[in-house]
Amino acid sequence: MAPKLAGDIPVFRRTLLQARSHWPHLFWIFCLGLLAAPLALLLPLPIKIVVDSVIGTDALPGFIQFFVPESVAGSKSALLILAVCMQVLVILFLHLQSAGIHVLQTYTGERLTLGFREHLFRHVQRLSFLFHDSRGTADSIYRIQYDAPSIQYLTIYGVIPLIAAAATLISMIYVTARINLQLALVALTVAPFLFLLCRTYSVRMRGKYTDVKKMESGAFNIIQEVLTAVRVVKAFGREDSERERFSNHSKKTVKARVRLSLAEGGFGLLVNLAIALGTAAVLFIGVQNVLAGTLLLGELLMVIAYLTQLYDPLKTISNQIAKLQDSMASAHRAFELMDEIPDVMEKPDARPLKRAIGDIEIQNVSFSYAEGFPVLQDISLQVPAGTRVGIAGRTGAGKTTLVSLLTRFYDPDAGRILLDGVDISDYKLADLRNQFSIVLQEPVLFSASIEENIAYARPGASEEEIKTAAKAANAHDFIVNLPEGYDTLVGERGMRLSGGERQRIALARAFLKDAPILILDEPTSSVDVKTEAGIMQTMERLMQGRTVFMIAHRLSTLKNCDLLLEIENGRQVKVEIPAQDMALPDLVKEKVN
């Protein structure tokens, strides 16, 4: 199980570490964000010039007089033009800053999300079948597609705006205090209340956002289940009931989202009410000071203008903390998935393996998917290279599980499996699995062309090699008779082709891979007798010179095997040499006996 992440700080830390390759981009986003503070400080300045120096008779502020010629400072019309030009330039630069930061945020955010998704996708593929069997695929898909974007919301729209808002807040407090310390202190009286409000909201709402994510993932799971099994749904006329199931689940999610929205609205109302009270207090005290002659009207207007700029960061910080709870919930879920530890691990000093001889030994192997429910118990078998092993048994006896242990889709609970005298756990995983070609009962094809499906076994194979493999699998003739030949798209899971055609493409893929060990998991159980005969003829050529494990319900399918292993209730019942196989090598007979 993945370790639980405690609190928000570890999530923020991991998010920033995950984004470290994009730190230069984040730095420039931060710098552009900070640029908003001085631009915001300049925004009220033209108003002060107009009110105090154009309409009134006060001199320009000292830092402006340094840049303004005396001829301009002494002319009210020139000062008015200066103030108007300053207003236009400040607004122009504010919009340029906003546009620049938007483009950079979009680019960096999308790159961050893509990188995080790729990381999660790569990790999920490495997780064992036990994880996928117990959790299903829908939740993992949801976390990769919908929880992964949390990385950009936390970094670009979370941490950076919070830091920028804090910097803006400090600068606004300083400027406001320089104008009138009393008004600055009055304005800041709302800050402790806002902090307490944000803290309370975060603690109370964090779990609710996580629950909503689980609900949304559950709805996604229903969609995937129904669309994957749409033929069964239609066959039993269950469309309306499935729609109702999805609708009921989605309604719960909608209600939960509405409750969150109400909570967010209430939080926003309290934040704005606090800010309104602070503004009202400053206005009341400021007017009293103007009437008493201790504060100029222009200074009061500047304080009010800066007060808006001061409260905006406070509002931003408060709102961001509230909005980030959704992203925090997603980040928790994404990192939980990343922290899942694969049950099948590659050793740090794993051995490379170019091409195996194919000698396999199974020594007292036991396995269970769940503790206390053994699937295989004390299985032992010696298989010399080039031997054909037939595995028989009732459905659920453990036949497919046994061959899955050979490829380390799972690791045994007890015992070990040797390949060429070496424990398979000592090999590099990719090298080990490259020694096997697998043909399943239900051939797995991808939504691509026939050529791409065959070449999946060996990326980079030439067109001639692909056609040679197809000919060896007796698939070439039906392929070339298709309208688009090898470029024909097979559809989702190959459903545009018949069962026999799909199986021949799977066999062509096995021919192209040319692995020393072949696993045939009931490859003819879903086809008719005539098609089975053709496929068996093809498999006979495929099995030549390879170590073969063939699972089948029909004993006729196993008649050409050198050894027969029978499994019942997870136990090895017997291993025998078929009576009709009189030409079996003495080496095999000795190892069996």
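Take the stretch 165-181 and flag every residue that is surrounded by 14 or more Cβ atoms within 10 Å (Cβ to Cβ) and either in contact with a Gly (Cβ under 9 Å, 6 or more places away or on another chain) or of a type in the set (Lys, Arg) (or both). Matches in the stretch 165-181: ALA165, ALA167, THR168, ASN180. Among the residues of the stretch 454-468, those that are in contact (Cβ under 8 Å) with a residue 40 or more places away in the chain and outside any helix (DSSP H, G or I) comprise TYR456, ALA457, ARG458, ALA461. Evaluating ALA276 against the criteria (1) touching a Lys or Arg at 6+ places or on another chain (Cβ under 6 Å); (2) among the small types (Gly, Ala, Ser); (3) at pLDDT 80 or above leaves one unmet condition, (1).
For ALA219, are the conditions met, namely being touching a helix residue (DSSP H, G or I) at 6+ places or on another chain (Cβ under 7 Å), in a helix (DSSP H, G or I) and modelled with pLDDT under 80? So ALA219 fails the test.
SER261 meets each of the listed conditions (1) among the hydroxyl-bearing types (Ser, Thr, Tyr); (2) at pLDDT 85 or above; (3) within 22 Å of ARG199 (Cα to Cα) apart from (2).
How about the stretch 282-296: which of its residues are in a loop (DSSP other than H, G, I, E, B) and surrounded by 11 or more Cβ atoms within 10 Å (Cβ to Cβ)? Before you say what the answer is, go through the steps one by one.
In the first step, residues of the stretch 282-296 are kept if they are in a loop (DSSP other than H, G, I, E, B); the result is 293-296.
If the condition is that a residue be in a loop (DSSP other than H, G, I, E, B) and surrounded by 11 or more Cβ atoms within 10 Å (Cβ to Cβ), then THR294, LEU295, LEU296 are the ones that fit.
Is it true that LEU337 is crowded, with 20+ Cβ neighbours inside 10 Å, more than 30 Å from LYS213 (Cα to Cα) and in contact (Cβ under 8 Å) with a residue 24 or more places away in the chain? So LEU337 fails the test. Scan the stretch 382-397 and give yes if some residue there is farther than 30 Å from ILE424 by Cα and touching a Lys or Arg at 6+ places or on another chain (Cβ under 9 Å), otherwise no. No - not one qualifying residue is present in the stretch 382-397.
Where helices (runs of 4 or more DSSP H) fall entirely within the stretch 33-123, those with at least 3 residues that are in contact with a helix residue (DSSP H, G or I) (Cβ under 8 Å, 6 or more places away or on another chain) and surrounded by 12 or more Cβ atoms within 10 Å (Cβ to Cβ) are at 45-48. Selection within the stretch 469-523: residues that are touching a residue at least 24 places away in the same chain (Cβ under 8 Å) and of a type in the set (S, T, N, Q). The member of this set that is nearest to GLN544 (Cα to Cα) is ASN474.
Would you check which residues across the stretch 145-165 are over 19 Å from LEU17 (Cβ atoms) and modelled with pLDDT of 75 or more and list them?
Taking the stretch 145-165 as the starting set, the residues that turn out to be over 19 Å from LEU17 (Cβ atoms) are 145-146, 161, 164-165.
GLN145, TYR146 - these are the residues of the stretch 145-165 that are over 19 Å from LEU17 (Cβ atoms) and modelled with pLDDT of 75 or more.
ARG351 falls short on exactly one of the conditions (1) under 32 Å from the mean Cα position of the chain (by Cα); (2) at pLDDT below 90, and that condition is (2). Looking only at the stretch 134-143, decide whether some residue is surrounded by 13 or more Cβ atoms within 10 Å (Cβ to Cβ) and over 14 Å from the mean Cα position of the chain (by Cα). Within the stretch 134-143, one or more residues are surrounded by 13 or more Cβ atoms within 10 Å (Cβ to Cβ) and over 14 Å from the mean Cα position of the chain (by Cα).
The values are calculated or read from the model by the stated rules, or taken from the named source; none is laboratory data. The structure displayed is predicted, hence computed values, not measured ones. Methodologically, a virtual Cβ is constructed for each residue, glycine included, from the backbone with ideal geometry; neighbour enumeration extends over all protein chains shown.
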